[in-house]
Each structure stands twice: as structure tokens, then as C-alpha cells.
Amino acid sequence: MIATIKPSPLKGIIQAPTSKSSMQRACAAALLATGKSVIYHPGHSNDDKAAMDIIRRLGAEITMNDEEMIVNSPGLYPTEEEVNCGESGLSIRMFTPIIALADKEITINGEGSLLNRPMDFFDEILPQLGIEIKSNDGKLPITVKGPLQPKNIEIDGSLSSQFLTGLLMAYAAYPSPSGSVAFEDPKSSEVSIKVRNLTSKPYIDLTLDVMRRFGLKLPENRNYEEFIFPLANHQPSLITHEYHVEGDWSGGAFLLVAGAIAGPITIRGLDMMSTQADKAITEALSNANAGFAIEAKGIKLHPAEMKAFEFDATDCPDLFPPLVALASYCKGQTKIKGINRLTHKESDRSASLKQEFGKMGVKVEVNDDVMIIHGGSKVKGSRVHSHHDHRIAMACAVAALKAEGETTIEGADAVRKSYPDFFSDLKSLGADLDNPYSIINAL
């Protein structure tokens, strides 16, 4: 799908999209909590739909009512021999250990770029937990057969915190109703997961918060270096669990940058108390001297003369695309640290950003772990490509709002992965989209 955006001033009030990080974790927790769970403001991105389909295949029943999703779960009782995670990296990393709680062989597959992402972590760690695993040379599809047996293990947290999220939820839910109990050391009263070089700690905070809200067993967190679980059986409460899916700081970051470039706009639904890592976009906006104010009814943004800034995105790598769009309009050389986190995304994001923003007249350099954006010159409308990466598509669209000439984005439908309403939301704020209704309907 192609989207064409002409330079456009924005004005109005918009609700932030729902967080797929929050939504997917809530789906997993609702499956494991047993009983009835009500999830308010559920997301409808492709990644959210993948998570919903997974928990259905693992035994949960889902009913949709207006702005709420009702999950009735007996616990983990797989009804299918295969699950598909779509293109969701979180789903494959979080649900694989959960699926391995069951004493049943299940194949886990995916689509698109997920098929090329390395899954060596599972080949290394899962056999240590008594799980039989077969993979495609460290890539999808993989087949696992449990039951997972919690043991003292040590993992490398430098690639992604999502692997740890899956293990934490699996350890919390052990023993699964469809698995069996088998401790390595029956005399031990606890078991631990030690973690080296953990990145994206805020996302582990989000995981633990979701687990708490759904009544799952919580570990003792020793400074994110060790998580200790008691081995006593955990009896989930039979109360109805209620969870409100947060507004999404990852998708909201694009709206915030759009407002700073082409506002004034007001964005509602972003919680300043959230544990989401991408809330750090407000620090970048402040460092850039952007025109914004955080008020009780939302975050207000308006264009201002912005300056280059320095920012460490190691714990929030999904902010790279909106930060590059922001830096394009900041006078001077902006430096963003954390490039090493970008390789195994929907695209090689550092290369994609350098290539596509280069087409728009913005020089982007890569120096070891730092990206340097030369901003302040005129951004030029151009024909760019999303590389089938939702965040590249949105970054180019935001940068196009004040460019010289129109910008055409090929592969714009990639936004369905995380923010399917992105183009319709831009349109509602006044963005000049060619054939906007065909674009929006295609999503």
C-alpha cells in the first residue's frame, strides 16, 4: 500500500493508541490467572490479534463487548498443535516458555520478518528446564514439549528483555494444570533466574505489574540481577481480574513528535506514571527544547525552534524512528546511543533510517553504537519505503508533515502491526493525505 502525504499543519485533540506491550502481557496473564478476566480498551493491532489467537489455542475463551474483552480461562489447556505469532517478537519470546508448561508437543510459527529473527536463546535455555525443543537452526518454526520444570538458571538479558518476561510468567504459573510437577531438588524451597546485562528494565517493571494485577505469583526482584520464586504451589484467586490497557507511549511518541513539528495538538491517554520505557520520549522533547506542556487533560505540543540533543535509547530502542524524525528538525548534530539494539527488529532499523531519511535530505551517520543525525536543514519530500517496518513508515510520515514537497511512502500498510489507526488519526488532525480513505480502508 502507498500513502502520499503533503506538508500539513496539524490541529486538534487525539487519543493515544492502546499499548500492545500492555495488551499482549494482559492476554498472557489472563490465560494463566484462570477464571474470568476483563480487559478494558483492548488493542486491535496485528500483534494484539496474534496474542488473542494464541491464548484461544491454549484454552482460553474470548468474548468482545464494545470497549472490553472478557477472557475465561481454565488455565493452560492447549486445544491446537500449532500457534502462530504473526510478526510479533514479544509473542514468540513471551509465549514460548508459557506453552512449554504443557505436557504436549506444540509447534510455534510466525510470519514475515519474524521468520528471520534468531531464537537461539530457546535452544540454549529450554533444555535446561526439561523441555524438548526442535528448531530450524535457531529460527522459526520451533517445536517444544514440556512440562517446563523451574530450575536455577542464568540468562543473558542483553538481546531482549522479552525472553525474561516469558520465563517470569512461566515460573509464576508453574505447575500448569496440563503439566506435571517435577522439581530438580525437592528439598529446595526456592528457585531463581539470574540475569546478566539486562536491557529495557522498564519493560520488566511492566511485566511484573501485569502479573501483580492478575494475581500471579511474584518473584523477589534483586536489583534486576536475580528473580527468586518460592516453590510452593500458588493458588490463583477466583475473583474476576480487571485490567485497563494503557495508552501506548511507543505509538504516542510519533504523535508527540508530529505535534512538536507541525502542531498545535493535544494528546490524551498517556499515563505519566506508566512503567513503559518509551515514556522517555518526553525527556528527548525537553532536551530538544520542543514546545510541549504536560497538563492534567493531556500533553499539549506546538512548534518551536528546536536544538540538537543527546539521548541514550539503549533501554527504549523503539524510540529511534520518532527520534530521528524529531532530530531532522533540530538544528545541529543529534546523537542517539543504542544502535546495537536495532538489528533484529522488523528491519535493520539503523540501515533503514539512514537510507530513507537520506532520501529526504537528512544526513544520518552511524558511529559504533551511536547514530548522528544532521538536522536543521530543509527536509525534502521524497519517495521512501517502509522496509515493511511499521515504525519506519510512521517516522517518514511524521517527518513529511513539514517537508518541502509531498512524500510517498511505499509499504505504508506496515502500520497495521502496532498502530492500525495511525493514518486515520493523522487525517483527523488535518494531515493532507492523498486518497486517505482508500489508505485507511485498506488498513
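The values are calculated or read from the model by the stated rules, or taken from the named source; none is laboratory data. As the structure is a prediction and not an experimental result, all values here were calculated from the model. Methodologically, a virtual Cβ is constructed for each residue, glycine included, from the backbone with ideal geometry; neighbour enumeration extends over all protein chains shown. When the accessible area is computed, the model is the full protein with side chains, heavy atoms only, and any ligands, DNA or RNA have been set aside. Shrake-Rupley method; radii C 1.70, N 1.55, O 1.52, S 1.80 Å.
Some notes on this structure:
- Residue within the stretch 339-352 that is crowded, with 23+ Cβ neighbours inside 10 Å, under 18 Å from the mean Cα position of the chain (by Cα), modelled with pLDDT of 95 or more and outside any loop (DSSP other than H, G, I, E, B) present: no
- The residue pairs whose first member lies in the stretch 404-422 and is assigned to a strand (DSSP E or B), whose second member is charged (D, E, K, R), and whose beta carbons are closer than 6 Å, counting only pairs six or more residues apart or on different chains, are E404/K378; E404/K380; T408/R383.
- Among the residues of this structure, L148 does not count as one that is in a helix (DSSP H, G or I) and at pLDDT 95 or above.
- In the stretch 289-303, of all residues being more than 25 Å from D66 (Cβ to Cβ), small (G, A, S) and out of contact with any helix residue (DSSP H, G or I) (no Cβ under 6 Å at 6 or more places or on another chain), the one that is most open to solvent (accessible area, probe 1.4 Å) corresponds to A296.
- Contact map, the stretch 3-26: first residue over 30 Å from V38 (Cβ atoms), second residue assigned to a helix (DSSP H, G or I) and not small (G, A, S), Cβ cut-off under 8 Å, separation 6 or more or different chains; pairs are A3/F423; A3/I439; I5/L426; L10/L426.
- Scan of the stretch 247-270 for residues that are of a type in the set (D, E, K, R) and either surrounded by 24 or more Cβ atoms within 10 Å (Cβ to Cβ) or closer than 28 Å to E404 by Cα (or both), ordered by number: D248
- Of residues in the stretch 187-231 being polar (S, T, N, Q) and part of a loop (DSSP other than H, G, I, E, B), the one modelled with the lowest pLDDT: S188
- Strands (runs of 3 or more DSSP E) completely within the stretch 1-77 that count 1 or more residues being surrounded by fewer than 20 Cβ atoms within 10 Å (Cβ to Cβ) and on the phi > 0 side of the Ramachandran plot: 12-15, 35-40
- Given (1) open to solvent by less than 20 Å² (accessible area, probe 1.4 Å); (2) on the phi > 0 side of the Ramachandran plot, number of the condition N223 does not satisfy: (1)
- The stretch 383-433, residues that are among the small types (G, A, S) and surrounded by fewer than 21 Cβ atoms within 10 Å (Cβ to Cβ): G405, G411, S424, S428, G430
- Residue match in the stretch 317-336 (condition: open to solvent by 10 Å² or more (accessible area, probe 1.4 Å), closer than 30 Å to G86 by Cα and of a type outside the set (A, V, I, L, M, F, W, C)): yes
- Residue satisfying all of: in the stretch 100-158; without any contact (Cβ under 8 Å) to a residue 24 or more places away in the chain and acidic (D, E); least open to solvent (accessible area, probe 1.4 Å) among these: D123
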